[in-house]
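Worksheet: the structure to be examined is printed underneath.
Nothing in this text is a laboratory measurement; each read-out follows from the coordinates by a stated rule. As the structure is a computational prediction, the values presented were derived from the model and not from experiment. Quick reminder, even Gly has a Cβ in these numbers, built from the backbone with ideal geometry, and neighbours come from all protein chains shown.
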């Protein structure tokens with residue numbers, strides 16, 4: 001759910017999956033028996049959604065369409081399960097750059113979107129050099145009156 005404020009208006013956007021395209025780069029730190037690594041995961045996504053808000057005892061509609069470039073940097077910890085299998089946990093934080101987009105309201109001015117910081121965490125499994133993992137991202141795009 002994306003919540004934005006514009007003076008008196010609170011918009012609740014629908015929760016939905018948003019495909020992302022990105023790259024993961026990892027540098028294993030040369031201490032701690034190769035159990036630590038630095039990770040950078042730049043990615044791009046586009047989000048389109050619509051929602052409702054109640055300015056004064058009525059229901060109005062709002063819609064957004066925005067593109068974001070995320071630049072998270074994190075720390076990864078490996079736990080060895082054998083010679084070919086490792087599980088890992090990753091904590092990261094970064095900045096979300098809004099490349100384009102705003103929120104359009106039925107009544108009232110459109111508002112611009114601005115980037116913000118986000119945090120994420122994830123767990124994964126590395127078998128030989130193949131990797132599988134999941135990540136939970138908390139992010140909020142800032143809205144300012146237009």
Protection proxy ranking, peptides 39-49, 119-129, average beta carbon neighbours within 10 Å, highest first: 39-49, 119-129
Using 0.36 nm times the number of residues separating residue 61 and residue 33, minus their current alpha carbon distance, what extension gain do you get? 4.6 nm
Among 59-70, 14-25, how do they line up from the highest to the lowest mean number of other beta-carbon atoms within 10 Å? 59-70, 14-25
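Could you give the C-alpha radius of gyration of segment 50-105 expressed as a fraction of 2.2 N^0.38 Å, taking N as the number of residues it contains? Display every interim value, and only then the final one.
Working: Rg = 20.6 Å, N = 56, 2.2 N^0.38 = 10.2 Å.
That ratio works out to 2.03.
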Starting from the alpha-carbon convex hull of segment 3-144, give the projected area averaged over all orientations, in nm². 9.5
